[in-house]
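Some notes on the structure that comes next.
Just so you know, all these numbers are worked out from the coordinates, no wet-lab data involved. Here the structure is a predicted model, which means the values were calculated and not measured. Counting neighbours? That spans all protein chains shown, and the Cβs are built from the backbone with ideal geometry, glycine included.
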Amino acid sequence: MRLSKPRVAPLAASEMDEEQRKIINRAGGDRLLNIFLTLGRHPKLLKRWTVFASYILNKSTLPNRERELAILRTGHLCRSGYEWTQHEWIGKKIGLTDEEIKRIKEGPEAPGWSAVERAILRATDELHADSFISDATWSDLKKEYRDAQIMDMIFTVGNYILVSMALNTLGVQLENR
């Protein structure tokens, strides 16, 4: 975590109006996460962003495993403790092992990745560093993925860079579990 306390406090239940409560419940379901409670202070933004974020997380053409590799690598590169912790849990839920999650921090050249996993991690690194996927990495991705899947990967990384910037800067803190 970059900040030890929030710059923008998450909404308390007593502070929420009906619109905020509806949007936050739609965004997080039965999990009242600090990301949604914090962004709930700007309900119009939260309402519109969650449509896109929900697509990335639930309807993307990218397989769950590869999506979580890209998200976790992005969270690591952005030094977003909140993002990393939330997606570490999601990654385990979809089958990533503790060893794989640890290895994500080492990057695409760490031993043990398949060629496509290495390409996903390398593309994530390139998008984070230069907002561009090199020809070599693009070629590696094209061996496995259709154009739509690569577009979903690009937008996944972009979304989680944006989210990491917001989480880090707003000081969104981890929930007590």
- Item | Under DSSP loop assignment and at most 14 Cβ neighbours within 10 Å, longest GluC sites (Glu not before Pro)-free interval of the chain | 1-105
- Task: Taking a cut-off of 30 Å between Cα atoms, list the lysines near Lys22, but don't count ones fewer than 8 places away on the same chain.
- Result: Lys5, Lys44, Lys47, Lys59, Lys92, Lys93
- Query: Where in the stretch 142-176 does the label zone of Ala115 land, with the point 7 angstrom along Cα→C-beta and an amide N cut-off under 17 Å?
  - Reply: 142-146
- Note on the structure: Restricting to aspartates and glutamates and to Cα separations under 19 Å from Lys102, and discarding same-chain partners fewer than 8 apart, the set is Glu66, Glu68, Glu83, Glu88, Glu117, Asp125
- Derived scalar couplings ³J(HN,Hα) [the stretch 24-37; Karplus, 6.51 cos²θ - 1.76 cosθ + 1.60; whole Hz; x for Gly, Pro]: 5, 5, 5, 5, x, x, 8, 9, 7, 8, 4, 4, 6, 5
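Which of rounded, prolate, oblate describes the stretch 8-69, given a ≥ b ≥ c as roots of the alpha-carbon gyration tensor eigenvalues and a/c under 1.5 marking rounded, otherwise prolate only if a/b is larger than b/c? Show your work: numbers first, answer last.
Details: a/c = 2.60, a/b = 2.21, b/c = 1.18.
Since a/c reaches 1.5 and a/b is larger than b/c, the shape of the stretch 8-69 is classed as prolate.
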- Item | Estimated [θ] at 222 nm from DSSP helical runs (n ≥ 4, -39500 (n - 2.57)) normalised by residues in the chain, nearest 500 | -19500 deg cm²/dmol
- Message: Pick from Arg146, Arg41, Arg79 the residue whose mean-square fluctuation is largest in a GNM of the chain, springs joining Cα atoms under 10 Å.
- Response: Arg146
- Task: Arrange Thr124, Thr97, Thr61, Thr38 by Cβ neighbour counts within 10 Å, fewest through most, would you?
- Result: Thr97, Thr61, Thr38, Thr124
- Message: Give me a comma-separated list of calculated 3J(HN,Hα) values for the stretch 56-68, in order, Karplus coefficients 6.51, -1.76, 1.60 applied at θ = phi - 60°, integers in Hz, x for any Gly or Pro.
- Response: 4, 7, 10, 10, 4, 7, 6, x, 3, 4, 5, 4, 5
- Query: For the chain, modelled as a Gaussian network with Cα springs under 10 Å, which listed residue fluctuates most, Ser80, Ser139, Ser14?
  - Reply: Ser14
- Task: Enumerate the calculated ³J(HN,Hα) couplings along the stretch 6-20 in order (Karplus 6.51 cos²θ - 1.76 cosθ + 1.60, θ = phi - 60°), each rounded to whole Hz, writing x wherever the residue is Gly or Pro.
- Result: x, 7, 10, 6, x, 5, 8, 3, 5, 8, 6, 8, 4, 4, 4
- Label-point separation, Leu45 to Arg31 (7 Å along Cα→Cβ), nm: 2.2
